[in-house]
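Here the structure is laid out as structure tokens; the discussion comes afterwards.
No lab work stands behind these numbers, since they all come straight from the coordinates. Since the structure is predicted, the reported quantities are computational estimates derived from the model, not experimental observations. FYI the Cβ positions are ideal-geometry reconstructions off the backbone, even for glycines, and counts take in every protein chain you see.
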Amino acid sequence: MNQMETTMTDDRMALLELVEKQADGDLVREMLAFAAERIMEAEVEARTGVAKGARSPLREVHRNGYRERDWDTRAGRVALEIPKLRKGSYLPSFLELRCSPVSGH
């Protein structure tokens, strides 16, 4: 076995150990938080017309900080930092379904 194969095997073993140690859901929650952050950044970038931190005369809407919100998932509670906009409002697409009004029966 050469050095590269040994390093790759060691990396795989370390990853497996991490997954086994994180059996309580921390790893899943961290992955959900990471994916949610990327989705929110892409959606806000589409609304503003410019990437985060970039300056452009074509900018349609400006960012205005973040608001904290907990997202209850099957893997547990995930703390989100939802981008705020100066004009209008923004709710991530993955939360819209959960917040829609329920018809009264």
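A cut-off under 15 angstrom between Cβ atoms defines the neighbours of residue 34, and their net charge, with Lys, Arg +1 and Asp, Glu -1, is -3. Hey, for a label at residue 87 modelled as a point 7 Å past Cα toward Cβ, could you say which residues of region 32-56 have their backbone N under 20 Å away? In region 32-56, the label zone of residue 87 (backbone N under 20 Å from the point 7 Å along Cα→Cβ) covers 43-56. Once backbone amide H atoms are built at 1.01 Å from N, residue 85 has 64, 90 as its partners under 5 Å, excluding neighbours fewer than 5 places away on the same chain.
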